[in-house]
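The values are calculated or read from the model by the stated rules, or taken from the named source; none is laboratory data. Please read these numbers as outputs of a predicted model, since none were measured by experiment. Neighbour counts are summed over all protein chains in view; Cβ atoms, including those assigned to glycine, are modelled from backbone coordinates with ideal geometry. Just so you know, the surface numbers come from the protein's heavy atoms only, side chains and all, with ligands and any DNA or RNA stripped out. Shrake-Rupley method; radii C 1.70, N 1.55, O 1.52, S 1.80 Å.
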Amino acid sequence: MARAGGEPVAVVTGGDRGIGFEICRQLAARGAGVVLTARERAAGEAAANKLAGGTHAVTFHPLDVTDGASIETLRDFLKDTYGRLDVLINNAGIIAKGEAPALKVDLATVRQTLETNALGPQHLTQALVPLLKRGTSPRIVNMSSGMGALTDNHGGYAAYRMSKTLLNAVTAILAAELAGAVAVNSVCPGWVKTDMGGRNATREVAEGADTAVWLALDAPATLTGKFVRDRKVIPW
Ligand code: NAP
């Protein structure tokens, strides 16, 4: 897409595998300058190298979304290298080993899941909004889940559900605060074949990444503060 400041600069969290890696691939194929982030340097570099051939502009930078110092280092790198940011995709997420129904799950599991899936995106967004405000048609895409919808409460995974509901709240509140400046939306990718989704999942990664990439590059900038699946707004 043509932008006043050149091709968009996009940061993707959890870019070394799964949906995050596919989002990086699709963004790079569309001409975006992609900063693929991952918490493990070796895995992140290997993933970026896989995409870096041809016309793809993919740069690796380390990021653990639960680590404030790591967030600051990424922010400084972006500021010094690009001076702006156009797209932030908060994709990184976990289903913790201790998952259980709400009456059984231990609070350490809940806290760990909230830290990664909701507070990480909140913290990273706080750090990067000044750079996004210097971007062109800037967007934040939060990778949520239908399991975070308040109407979808059965089936265990209580900590994960709570974290995605909180992430949706983060989306709605930030969208209100950033109205007219930065579009902020949550996306449900569907059930996707990844390490998290498992091999019985119904969708390939390309389909799972599609709506996030659409929100990042193509959706009207006026679409903000929504929960989106298959490029359509769904109920919270
Ligand atoms: P995945 O294959 O398990 O990948 C998760 C990614 O998140 C990995 O890159 C992982 O990095 C990264 N990550 C975890 N904790 C992190 C941290 N503290 N800092 C930085 N990165 C971290 O999962 P996926 O299926 O691609 O899921 C991607 C997103 O989609 C998640 O937010 C997930 O909740 C959401 N989602 C997935 C499905 C599905 O069916 N797959 C459905 C709904 C929503 P490491 O490689 O270092 O572990």
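What distance in nm separates the two pseudo spin-label positions at residue 67 and residue 133, each 7 Å out from Cα along the beta-carbon direction?
About 2.9 nm, to one decimal.
What spacing in nm lies between the two simple spin-label points modelled at residue 169 and residue 204, each 7 Å away from Cα in the Cβ direction?
The answer from the label model is 3.9 nm.
In debye, nearest 20, what is the charge dipole magnitude of the stretch 170-224 about its Cα centre with +1 on Lys and Arg Cβ and -1 on Asp and Glu Cβ, if you could check?
So the magnitude is around 160 debye.
What are the residues whose amide H is under 5 Å from the amide H of residue 184, where those residues sit 5 or more places off or on another chain and H is modelled from the backbone?
Sorted by chain and number, the residues that satisfy this are 140, 225.
Identify all lysines with a Cα-Cα distance to residue 79 below 25 Å; exclude those on the same chain that are fewer than 8 residues away in sequence.
Cross-link targets: 133.
Taking the alpha-carbon distance from residue 50 and a cut-off under 14 Å, which aspartates and glutamates remain once sequence neighbours fewer than 8 residues away in the same chain are dropped?
Reachable aspartates and glutamates: 16, 22.
If I compute solvent accessible area with a 1.4 Å probe over the protein chains, what percent of it on the stretch 82-236 is carbon and sulfur?
C and S atoms contribute 57 percent here.
Given 193/232; 97/232; 104/164, which pairs have Cα atoms separated by over 29 Å?
Pairs exceeding 29 Å: 97/232.
For the stretch 9-233, what is the accessible area per residue in Å² when the probe is 1.4 Å?
It amounts to 44 Å² per residue over the stretch 9-233.
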